[in-house]
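Working notes, structure below.
The values are calculated or read from the model by the stated rules, or taken from the named source; none is laboratory data. Computed from a predicted model, the values in this text were never measured in an experiment. Here the Cβ positions follow ideal geometry from the backbone for every residue, glycine too, while neighbour counts run over all protein chains shown. Heavy atoms of the whole protein, side chains included, go into the accessibility calculation; ligands, DNA and RNA do not. Shrake-Rupley method; radii C 1.70, N 1.55, O 1.52, S 1.80 Å.
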Amino acid sequence: MSARNGREVPDTGEMVVVHRLFRREYEASVAVVRAVAPGDTARSAVVAAHLAALNQMLTEHHLAEDELVWPRLVADPAVDKGLVARMEEQHERIADALGRLERALPDWGTGADAGLRDTVADACAALLPALDEHLGDEERHILPLVPDRFTVQEWARLSERGRAAVPKSHRLYMLAALGEAAGTDRRDEFLGRLPAPVRLLYRVAGPRLRRRTWSHLSGGRAEQRVAAA
Ligand SMILES: [Fe+2]
């Protein structure tokens with residue numbers, strides 16, 4: 001929450017950090033999935049559960065925006081018609097890749113079949129450019145319109161729905177992933193938004209859990225990436 005002309009306006013910085021999380025996690029997942037050996041069901045199950053959590057979060061992120069944001073902006077003269085058409089097309093490409101990913105994921109998670117693994121990895125890779133374009137357009141063209149068109153309470157509904165979409169088993173990991181996605185430029189902002197007990201939990205356990213989880217997901221190969229981030 002920040003102030004403009006004495007009026008409290010929504011804080012859209014949180015969404016930028018959530019977008020970074022989606023980009024980073026799906027991007028890293030491509031190599032993690034490809035590295036799972038055929039028949040290694042212990043790892044395929046863990047990686048599939050991670051991707052299923054991400055998919056659930058991304059689906060809810062878009063659903064909440066479709067319900068709470070787009071109906072208010074689609075007829076707004078400040079929103080270019082070309083932008084709307086472009087974003088709808090990106091949305092379709094995201095839904096298509098996400099659909100392929102979700103159809104292959106359960107069977108790959110339980111069976112670690114090589115063909116399904118490649119389908120999962122290819123779908124993650126196909127998702128990335130559409131996702132990157134979509135989130136980038138949103139950040140450049142949509143988020144700047146928010147402070148004049150939404151109240152703090154209206155915008156907070158998006159955050160509430162986003163938090164509720166994180167499976168319980170992945171909450172601490174995603175909190176730590178958000179902290180990493182915040183980077184040095186948004187780290188203070190990120191920490192400032194957390195309630196004190198959650199901030200403490202994050203500081204005590206978050207980054208360590210994230211390193212451990214990535215090490216587990218990647219068989220140790222991705223640990224360096226996370227540690228260096
Ligand atoms: Fe968004």
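Brief remarks follow.
- Of the solvent-accessible surface of the chain, computed with a 1.4 Å probe and all protein chains present, 55% belongs to carbon and sulfur.
- Viscosity 1.002 mPa s, temperature 20 °C, Stokes-Einstein D of region 2-228 from Kirkwood C-alpha radius, µm²/s: 115 µm²/s
- Pairwise Cα separations in region 101-185 fall into 5 Å bins from 0 onward with the following percentages, short to long: 3, 11, 10, 15, 23, 18, 10, 6, 3, 1, 0.
- The chain: relative contact order as a whole-number percent, Cα under 8 Å and 6+ apart: 31 percent
- Those residues of region 30-61 whose amide nitrogen sits under 17 Å from the label point placed on Thr110, 7 Å along Cα→Cβ: 39-50, 52
- Near Arg100: Cβ cut-off under 14 Å, other residues only, Lys/Arg at +1 and Asp/Glu at -1. The net charge is -3.
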